[in-house]
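Notes for the one structure printed next.
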């Protein structure tokens with residue numbers, strides 16, 4: 001009986017993670033084209049959610065001139081070939097560029 005409960009619990013948790021990952025990736029794919037040059041970082045967070053990581057520019061690709069901050073969003077279902085959306089900001093917190101990166 002205990003083994004069934006553990007198995008059922010793991011199955012439910014796996015299902016919940018799969019549902020979250022599907023929703024996350026779908027939202028990211030649909031919302032990333034809506035990011036426009038000049039949008040403030042609040043708009044980007046509203047559209048794409050909280051970034052997977054944020055920090056200095058150049059963590060994944062070459063950066064545009066004037067970049068002071070970078071948001072990186074990782075796709076959940078890209079395990080074997082990671083995919084990311086990268087958004088760059090200037091000193092005033094406005095978008096200066098956005099790209100999708102797929103690992104080779």
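The values are calculated or read from the model by the stated rules, or taken from the named source; none is laboratory data. The model shown is predicted, which means the values in this text are computed figures rather than measured ones. Backbone-built Cβ (ideal geometry, glycine too); neighbour counts: all protein chains shown.
Some observations on this one:
- Restricting region 53-77 to residues that are without any contact (Cβ under 8 Å) to a residue 40 or more places away in the chain and within 11 Å of the chain's Cα centre (by Cα) leaves a set whose member that is surrounded by the most Cβ atoms within 10 Å (Cβ to Cβ) is 71.
- Residues of region 35-52 satisfying the condition of being surrounded by fewer than 17 Cβ atoms within 10 Å (Cβ to Cβ) and outside any helix (DSSP H, G or I): 36, 37, 38, 40, 49, 50, 52
- Scanning region 79-104 for residues that are under 27 Å from residue 18 (Cα atoms), without any contact (Cβ under 8 Å) to a residue 40 or more places away in the chain and in contact with a strand residue (DSSP E or B) (Cβ under 8 Å, 6 or more places away or on another chain) gives 81, 82, 83, 84, 86, 99, 102, 103.
- Residue-level analysis places residue 11 outside the set of residues that are in a helix (DSSP H, G or I), farther than 21 Å from residue 91 by Cβ and at pLDDT below 90.
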